[in-house]
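In what follows, a structure is listed as structure tokens, so that the remarks can point back to it.
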Amino acid sequence: MLPHLDAAHNLARWLARSAPDAEDIVQESYLRAFRFFEGYHGGDSRSWLLTVVRNTFLTWRKREERSLANVPLDEERHGIAPAPSAADSEGEAEALRGCIEALPPEFREVLILREFEELPYREIAEIASLPTGTVMSRLSRARQRLEDCVRKKVAAR
Amino acid sequence: MTCSRQWIDAYVDDELDPSARWQIEQHLAGCEACAGLRAQIAARREQVRAAAPYYRAPDRLRHSVHAALRAEAAGPRRWPWLAVAATVLLAAGLVWSVRSNRERDLLAQEIVASHVRSTIGGRLVDVPSSDRHTVRPWFNGKLDFSPEVRDLAAEGFPLAGGRVDYVGGRTVAVLVYRRGNHNIDLFLWPSESGGDSETQRNGFTVLHWTDAGMSAWAISDIARDDLQRFRDAVRARP
């Protein structure tokens, strides 16, 4: 049994937007958690692990950006922005997925932690090293962007 | 109050204190636009939870993480930060004045390490059993001593099993007891030295005592009084 592996993987997958990268990040996160557990001061172990996953993702992204210095657009590399014709046949889940993935990472992470893990703002604030007020405004803006994006996709059908 | 989207989001998430909540409710009752926004936010939130993919960890990842953790646990550089901590202490010149405390501190740190490692690595027990007649013989041949295994279910601490771990440069017995949803690890090894001590570390309570030639360490995240009761139950002669 590995605690919180699904939550860790879900967060990593949404942040990295790639299945193999997410698995690398999760594996590295558990090793880090294992080695540096003295950073764990009690409290909710899921939040703590998710913090480790998030930090591992940030390190991973920095490394990626350095090695891909000449490919500036994340979106191009991952093929996020779908061709307009694809939107017609998109299902609801696919539209949501595309719109969440298109959010900037700082919006995406608060949305994932809130909607999927249903964490209180206070814990999201700890994980993302943000003031609680910023979590509140970011989450609100993330939802607003998501709403606009999904409506646009639906209208394009 | 003006229509402010983020307050309505926080209201939908039930994140407002009672007075802010009351104000929003007053406002929603009289503002159709905001009431519509509230309904839209709630509906979209439910849709995301229901329809967007939740990426569960694939089995192969579960296996590879397990394998990596096992390899890490078996590796020689198990606790490099212990060396770092020791270096820092030395540099501060503190180490000489508090030598015996430091040794006990390092032991306590190792106890915490073992406890957390067993939780994260998912290896709480090697022999899962609430029967002391199963747990005690299991240690035979794995240790150079035979730990006394007591059933403390009547005192509210049912036995969950045991494992062997490596602490303070030797193999030790770890008996795992339950208290509600929490685990208590009881570390035992033969030793004559050392008095009682109690420390709080990383959110855990660590109790240490010596009894009948055995050094005993109990660690858990349960309330301090509960762990003290556990210690007293262990020490009480049957």
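The values are calculated or read from the model by the stated rules, or taken from the named source; none is laboratory data. As the structure is a computational prediction, the values presented were derived from the model and not from experiment. Please note: Cβ atoms are built from the backbone with ideal geometry, for glycine as well, and neighbour counts cover all protein chains shown.
Structural remarks
- Filter result for B:T134 (away from chain A (no Cβ under 14 Å) and either surrounded by 15 or more Cβ atoms within 10 Å (Cβ to Cβ) or among the small types (G, A, S) (or both)): yes
- Residue within the range A:148-156 that is within 16 Å of the chain's Cα centre (by Cα) and in a helix (DSSP H, G or I) present: no
- Against the criterion of being within 9 Å of chain B (Cβ to nearest Cβ), surrounded by fewer than 21 Cβ atoms within 10 Å (Cβ to Cβ) and either farther than 15 Å from B:V65 by Cβ or at pLDDT below 75 (or both), A:L68 does not qualify.
- Flag for A:S29 being within 27 Å of B:H63 (Cβ to Cβ), touching an Asp or Glu at 6+ places or on another chain (Cβ under 6 Å) and either at pLDDT 85 or above or within 14 Å of chain B (Cβ to nearest Cβ) (or both): no
- Residue among A:L111, A:L58 that alone is part of a helix (DSSP H, G or I) and modelled with pLDDT of 95 or more: A:L111
- Any chance A:E117 is within 10 Å of chain B (Cβ to nearest Cβ) and not in a helix (DSSP H, G or I): yes
- Scanning the range B:132-164 for residues that are farther than 23 Å from B:D226 by Cβ and either touching a Cys at 6+ places or on another chain (Cβ under 7 Å) or not small (G, A, S) (or both) gives B:H133, B:T134, B:R136, B:P137, B:W138, B:F139, B:N140, B:K142, B:L143, B:D144, B:F145, B:V164.
- Qualifying residue in the range B:56-64 (condition: at pLDDT 90 or above, more than 7 Å from chain A (Cβ to nearest Cβ), in a loop (DSSP other than H, G, I, E, B) and over 19 Å from B:I120 (Cβ atoms)): yes
- Here B:R150 does not qualify as touching a Phe, Trp or Tyr at 6+ places or on another chain (Cβ under 9 Å) and not in a helix (DSSP H, G or I).
- Residue within the range B:204-214 that is part of a loop (DSSP other than H, G, I, E, B), surrounded by 14 or more Cβ atoms within 10 Å (Cβ to Cβ) and at positive phi present: no
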